[in-house]
1. Name the long-range amide H neighbours of Gly483: under 5 Å, sequence gap of 5 or more, or other chain; modelled H, no Pro or chain starts.
2. Ignoring everything but the protein chains, give the 1.4 Å probe accessible area of Met365 in square angstrom, nearest 10.
3. At a probe size of 1.4 Å, how large is the accessible area of Glu17, to the nearest 10 Å²?
4. Let me check against my output: what whole-number percent is the relative contact order of the chain, with C-alpha pairs under 8 Å and at least 6 apart?
5. Among the trypsin sites (Lys or Arg not before Pro) in segment 225-292, which ones are in a DSSP loop with at most 16 other Cβ atoms within 10 Å of the Cβ? Mind listing them?
6. If each Cα of segment 123-169 is one equal point scatterer, what is log10 of I(q)/I(0) from the Debye formula at q = 0.15, 0.20, 0.31 Å⁻¹?
7. May I ask you to evaluate 6.51 cos²θ - 1.76 cosθ + 1.60, the Karplus curve with θ = phi - 60°, for each residue of segment 341-347 and list the ³J(HN,Hα) values in order in whole Hz, giving x for glycine and proline?
8. Going through segment 122-189, which chymotrypsin sites (Phe, Trp or Tyr not before Pro) have at most 14 other Cβ atoms within 10 Å and a DSSP loop state?
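The values are calculated or read from the model by the stated rules, or taken from the named source; none is laboratory data. Computed from a prediction, not measured in an experiment: that's the story for all the values here. For neighbour counting, all protein chains shown are included, and Cβ atoms are generated from backbone atoms with ideal geometry for every residue, glycine included. Protein only, heavy atoms only, side chains kept; ligands, DNA and RNA dropped before computing areas. Shrake-Rupley method; radii C 1.70, N 1.55, O 1.52, S 1.80 Å.
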Amino acid sequence: MIRALVFLAMAGPLAAEPVVPVFADETASSGIDTIYEGDWEYMVGGGVASFDCSGDRFPDLFVSGGAGPSALYINRSAQGGQLVFEKTDELTLDAAIGAYPLDIDSDGVMDLVVLRLGENRLYRGLGDCRFEDATTAWGFDGGDAWSTAFAAIWERGADWPTLAIGNYLDRYETAFPWGSCTDNWLHRPQRGPKNAAMGFAPPLPLTPSFCALSLLFTDWNRSGHPSLRVSNDREYYKGGQEQLWHLEPGQPPRLYTEGEGWNRLRIWGMGIASADINRDGFPDYYLTSMADNKLQVLTNPADGVPVFSDIAFRLGLTAHRPYIGDDLNPSTAWHPQFADVNNDGLLDLFVAKGNVARMPDFAAMDPNNLLLQRADGTFVEAGDRAGVGSFGIARGAQLVDFNLDGRLDLVVVNRWTTAEIWRSAGDLDGNWLQLRLHQPGTNRDAIGAVIEIRRSEATERHEITSGGGHVSGSSGWLHFGLGNAEQAELRVIWPEGKAGDWQALDAGTFQILRPDQPPVLWQPD
């Protein structure tokens, strides 16, 4: 039996209907002009990466360009001001499909993983938004595939991360591509003399593979050993399904089977978003598809088996067709992301929408979704009222506070037209808190950590991940809406499993958390 959903009020009453945030379209004045171009080989992809490369803690942007050039933009916005970015000459790559920021060598300067049509590349951050190609130096085999998904994790005791790369079709089989899905790869650290990490070992093929469009390392059962979740596009595989891989230290990866409880699921899998929506302490998974998006929750967490139930319809999250306009054909969903866009203490959901190209059986006018969570746990559509229901052919996206005013802004990459950016410009009554995790040694940004926040009588868990979405990643401030609470009571469970103390942090602040140290208050200049 599906367990009861638990939704709790904050410290004080919540409105019956959520406050709709108001976004101002600042695309024209922002300085962002990158277009995700290309035809057949760029029908998927179109990612954006958000991270601080300048050192001022304001989020900068890398925007993929597909057949056109990619671009790196430095954030020149003032705190609370309009969104302004300066285009640089760095990372003007061809064939860039998406990107994820990750401090691979743990030197405290953010690096960048760029997925491409052809060789994937690792760029080492040098500071001041400068990069060098470290693909060869780090022993990384970038391959020659059509790479469309990424995730990273530090396996327990490892000095370097394990990288998972998801690949799509055989890029040289264009006449009859059905059934030509190519192997995904698992890149584990290479061990050298005295067992020191020496970069990356040759990749392990994750066979069978079924045209992955999203990957995520996630501790779905709180075992302390994250698994690899894979979302696959049923349009091209034969006999495939969604996948979950065991990842045990020192052991080759192996698939969860139906005998272990894994239920066969076949969708046009395009993106994964994870959050503890029902506040039971376990991650839930939103899976985007064509016409049929899923929200999966563990049916019985106490069993420790991967049996999931779909509750998207119950909560109003199917987002299966356009909610405005006259085009009532099924929708095509890509990048999903949970975030609290109105700071009321309840997670909302953004979904980027856009036809693959000109598929006649699916909506051509397909607006992005902004689904706001009500106090009872159901969701209501607000994309049109918020001003972000664009009809661009969207792909990747990021909800990020670009001007550090405590409100989440939005950037969306579109196929064949300029990427769009919106600033959260309306008044929001809810409080907020933003955090950065920092630990010494390896894995500086604590990928794999969990932040627990007490929400009235429940504890909400947030996994810190690198991956998921649709070819779009972020690293930087972690934003939490607080409703009318003046403080947030929280703790961090660090990647090796050590739990920090519970502490109360003031609303409206930026805090840097380190293991066994008091929080450090940071303020924008």
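1. Sorted by chain and number, the residues that satisfy this are Asp344, Gly345, Asn431.
2. Counting only protein heavy atoms, the figure is 90 Å².
3. 100 Å²
4. Values: 1578 pairs, mean separation 91.2, N = 525.
About 17 percent, as a whole number.
5. Numbers: sites: Arg229, Arg234, Lys238, Arg254, Arg264, Arg266, Arg279; in loops: Arg234, Lys238, Arg264, Arg266, Arg279.
Those satisfying the criteria are Lys238, Arg264, Arg266.
6. Each listed q corresponds, in turn, to -0.55, -0.90, -1.09.
7. 7, 10, 6, 8, x, 10, 5
8. Tyr172, Trp178
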